[in-house]
Amino acid sequence: MEKAKFIPLEFEKIETETEQIRRAEAFYENLNRRRTVREFSAESVPFEIIESAILTAGTAPSGANMQPWRFVVVQSPEVKKQIREAAEKEEFESYNKRMSDKWLRRLAPLGTDENKPFLEIAPYLIVVFRITSIIENDESEPTYYSQESVGIAVGMLLAALHNAGLATLTHTPSPMKFLQEILDRPKNEIPFVLIPVGYPAENAKVPDIRRKSLEEIMQIV
Ligand SMILES: Cc1cc2nc3c(=O)[nH]c(=O)nc-3n(C[C@H](O)[C@H](O)[C@H](O)COP(=O)(O)O)c2cc1C
């Protein structure tokens, strides 16, 4: 059993409560401007932003510190085309056969359908995989709380990309097994989410939907 080793925590206390509150509110205001974008521009974006955002995602907490994530960055037009074709095939089945009426009713205000041109237009697709197990000393071991861990990392990735002035779409063309095949990932890496990243198209529109209020989402005991 490896023994725990400790180092001093790097922690800088923010001097005043006023400054703390200002920062908290500014962060909220910034993130409140994030919207899921479905109309992208083909304009290129600095690769350094993609790298920094993935590094940020990699700072997420994870069950037993297993960091059970892989971020595959797709920039090749040929691979993007393959992903679009496979996604549209699955999405056609989903929208026309697999989704319940209740689900379709929920999606109606978003105006989505099986057409996914953004998968070829956006300069980058970040495909996030969840690593379900690892091999150590010839033995397989599950990663612990991998769903929760990867979910948190994706949230941080979306926030980092938004903070750097880029638009994202959280896309889950279900089932997503085709991503494992096209991107040649091993069986223990399960596709989690597909994120087109770039600038929004000029005059891009987003659904007119509302966020729940604080009273609706917070309970104080
Ligand atoms: C887990 C998850 C899966 C999603 N899958 C899709 C998707 O496949 N296609 C899509 O257009 N939007 C997808 N979305 C985006 C949601 O529709 C969007 O976040 C929601 O409508 C709220 O809009 P906002 O992100 O602009 O606040 C997904 C979001 C999440 C969190």
* **Normalised per residue, the volume of the convex hull around the Cα set of the chain (Å³)** => 199
* Solvent-accessible area per residue for the range 85-214 at a 1.4 Å probe radius, Å²? -> 58
* **Estimated translational D of the range 1-89 in µm²/s (Stokes, Kirkwood radius over Cα pairs; 4 °C; 1.567 mPa s)** => 71
* To do: Could you work out the relative contact order of the chain, using alpha carbon pairs under 8 angstrom and six or more residues apart, expressed as a whole percent?
  => 32
* So for the pair E15, T170, with labels modelled 7 Å out along Cα→Cβ, what separation do we get in nm? -> 3.7
* Structure fact -> CD proxy, 222 nm, the chain: helix-only mean residue ellipticity via -39,500 (n - 2.57) per DSSP H run with n ≥ 4, per residue, nearest 500, stands at -11000 deg cm²/dmol
* Pairs K102/K205; K89/K212; K80/K116: which are spaced more than 23 Å apart, C-alpha to C-alpha? -> K102/K205; K89/K212
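Using 0.36 nm times the number of residues separating K3 and T112, minus their current alpha carbon distance, what extension gain do you get?
This chain segment gains 34.1 nm when fully extended.
Please report, as a whole percent, how much of the solvent-accessible surface of the chain comes from carbon and sulfur atoms (probe radius 1.4 Å).
Carbon plus sulfur share of accessible area: 53 percent.
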* Cleavage-rule hits (chymotrypsin sites (Phe, Trp or Tyr not before Pro)) in the range 75-157: DSSP loop, at most 13 neighbouring Cβ within 10 angstrom -> Y144
* To do: Using all C-alpha to C-alpha distances in the range 53-172, build P(r) with 10 Å bins and read off the rounded percent in each one.
  => 12, 31, 35, 20, 2, 0
* To do: May I ask you to derive the FRET efficiency for S133 and E181 from their Cβ-Cβ distance with R0 = 30 Å, giving the value to the nearest 0.05?
  => 0.95
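Extension gain E48-R98, at 0.36 nm per residue separation less the Cα-Cα distance, in nm?
The E48-R98 span can extend by a further 14.1 nm.
The values are calculated or read from the model by the stated rules, or taken from the named source; none is laboratory data. Remember, predicted model here, so these are calculated numbers, not experimental data. Because the Cβ atoms are built from the backbone with ideal geometry, glycine has one as well, and the counts that use them run over all protein chains shown. Ligands, DNA and RNA are excluded from the accessible area calculation, which covers all protein heavy atoms including side chains. Shrake-Rupley method; radii C 1.70, N 1.55, O 1.52, S 1.80 Å.
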